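J.: What follows is a single structure, and I will ask about it in a moment.
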Amino acid sequence: MAEFLPGYEASFWYGVGVPKNTPAEIVDKLNEAINAGLAKPTIKARLADLGGVPMPMSPAEFGKFIADETEKWAKVVKFSGAKPD
């Protein structure tokens, strides 16, 4: 599609979130375990087989990523004029 429409992008991602008031030590422990899993060669290979690219991040980086994605796609929706039914 990008060959016919310069700047075209269609992507998706998955992430793990927790409730807002989850204690920082639990968030950090989960983050450490998830990032360790994403670093394993077998998991990297399986994700690659599925067309995925692991993106290990800190909780703060993930929060910024979500905010950036929300802003980017909000602009696309606004520009498109799409309205909820």
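J.: Pick out the one residue from GLY63, GLY37, GLY51 that is loosely packed, with under 10 Cβ neighbours inside 10 Å and either without any contact (Cβ under 8 Å) to a residue 12 or more places away in the chain or more than 14 Å from the chain's Cα centre (by Cα) (or both). First the steps, then the outcome.
T.: Details: GLY63 fails: loosely packed, with under 10 Cβ neighbours inside 10 Å; GLY37 fails: loosely packed, with under 10 Cβ neighbours inside 10 Å.
Going through GLY63, GLY37, GLY51 in turn, the sole match is GLY51.
J.: Within the stretch 61-75, track down each residue that is modelled with pLDDT of 95 or more and aliphatic (A, V, I, L, M).
T.: Those that are modelled with pLDDT of 95 or more and aliphatic (A, V, I, L, M): ILE66, ALA67.
J.: In the stretch 75-82, is there at least one residue being part of a loop (DSSP other than H, G, I, E, B), out of contact with any Pro (no Cβ under 8 Å at 6 or more places or on another chain) and at negative phi?
T.: Taking every residue of the stretch 75-82 in turn, at least one turns out to be part of a loop (DSSP other than H, G, I, E, B), out of contact with any Pro (no Cβ under 8 Å at 6 or more places or on another chain) and at negative phi.
J.: Something else about it: Is it the case that some residue within the stretch 40-52 is closer than 15 Å to VAL16 by Cα, in a helix (DSSP H, G or I), modelled with pLDDT of 95 or more and not charged (D, E, K, R)? Steps first, answer last, please.
T.: Step one: list which residues in the stretch 40-52 are closer than 15 Å to VAL16 by Cα, which gives none.
Among the residues of the stretch 40-52, not one is closer than 15 Å to VAL16 by Cα, in a helix (DSSP H, G or I), modelled with pLDDT of 95 or more and not charged (D, E, K, R), which makes the answer no.
The values are calculated or read from the model by the stated rules, or taken from the named source; none is laboratory data. Computed from a predicted structure; not experimentally measured. FYI the Cβ positions are ideal-geometry reconstructions off the backbone, even for glycines, and counts take in every protein chain you see.
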